[in-house]
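**Q** Dropping the structure in here first, questions after.
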Amino acid sequence: MPRGLYIIVFRRPPLAKGSTPTPSTMETPRHERVLIVGAGTGLSAALARLFSREGMKVALASRNPGKLAALCAETGARAFACDSVNPAQVRRLFSEVEGEQGEPDAVVYNASARVHGPLVELEPGEVEQALAVTAFGGFLVAQEAARRMLPRKRGAILFTGASASVKGYPQSAPFAMGKFALRGLAQSMARELAPRGIHVAHFVIDGGIARPGRAAPSDAPESLLDPDAIAANYLYVLRQPRSAWTWEIELRPWVEKF
């Protein structure tokens, strides 16, 4: 046999007609269409800008989509009206997004509501509404997303939590109740859906977030989280190879106490 360099090429057999390839566990997921529910001018805006720069089609959902006009003009995103606690509106939202942009393969639930005050003075109706927005709406949105992602065995559902997801503060019982519930939903979903190809992740945002009209005080200039820095972590989680998925990540400014 003559001496020399031999190159051996292994070829995969062709896929059967109508079949889809199975992604490698080390393959970096690619998401083309993202839906952000509970969109505003803070974290949601930072997410929209980043995802748009990364080439994704972005859909934004809000009870008042008119306030998102400038963000849509900047990013090319589309805004949709939706009250996340209304099952019919959530179903309509997904149908409208699919009709205009195709099925979202990443969904971010960013909506929440706060009611502050001493426990004995809280208005039950306001507490009920806060729980509905913070937790029940997350369930409705996640359910519609999962129904569409499971047949394709791929997709990502991300939830925005808070310090209150893991520790309750005085005079903030409704927010803690809602965020604890949302975290429980995310954990349960991650255990159920991850083995079926759906990446579910929960973000504990442990600290205040800077936004237009809310700047850090002069004596603590780095006490607020930069929304662009948070958004970079959402993108990082979206692109995790499924061989090493995380279901939760905590983010806080370096000056924040645990």
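**Q** In the set Glu103, Glu123, Glu54, which member is out of contact with any Lys or Arg (no Cβ under 7 Å at 6 or more places or on another chain), farther than 30 Å from Gln171 by Cβ, acidic (Asp, Glu) and open to solvent by 20 Å² or more (accessible area, probe 1.4 Å)?
**A** Going through Glu103, Glu123, Glu54 in turn, the sole match is Glu54.
**Q** Follow-up question, since we're still on this one. Could you run through the stretch 42-60 and say how many residues are part of a loop (DSSP other than H, G, I, E, B) and touching a residue at least 24 places away in the same chain (Cβ under 8 Å)?
**A** 3
**Q** Of all the residues that make up the stretch 57-78, how many are surrounded by fewer than 20 Cβ atoms within 10 Å (Cβ to Cβ) and among the hydrophobic types (A, V, I, L, M, F, W, C)?
**A** 4
**Q** Right, another one. When you go through Glu96, Glu27 one by one, which is the residue that is more than 18 Å from the chain's Cα centre (by Cα), modelled with pLDDT of 95 or more and open to solvent by 30 Å² or more (accessible area, probe 1.4 Å)?
**A** Glu96
**Q** Something else now. Kindly indicate the residue of the stretch 242-258 that is at pLDDT below 95 and assigned to a loop (DSSP other than H, G, I, E, B) and also nearest to the chain's Cα centre (by Cα) among those meeting that condition.
**A** Checked the stretch 242-258; the qualifying residue nearest to the chain's Cα centre (by Cα) is Arg252.
**Q** Among the residues of the stretch 212-226, is any in contact (Cβ under 8 Å) with a residue 40 or more places away in the chain and touching a helix residue (DSSP H, G or I) at 6+ places or on another chain (Cβ under 6 Å)?
**A** So far as the stretch 212-226 goes, no, none of its residues is in contact (Cβ under 8 Å) with a residue 40 or more places away in the chain and touching a helix residue (DSSP H, G or I) at 6+ places or on another chain (Cβ under 6 Å).
The values are calculated or read from the model by the stated rules, or taken from the named source; none is laboratory data. All of these numbers come straight from a predicted model, not from anything done at the bench. FYI the Cβ positions are ideal-geometry reconstructions off the backbone, even for glycines, and counts take in every protein chain you see. Ligands, DNA and RNA are stripped out before the accessible areas are found, and what is left, the full protein with its side chains, is counted by its heavy atoms. Shrake-Rupley method; radii C 1.70, N 1.55, O 1.52, S 1.80 Å.
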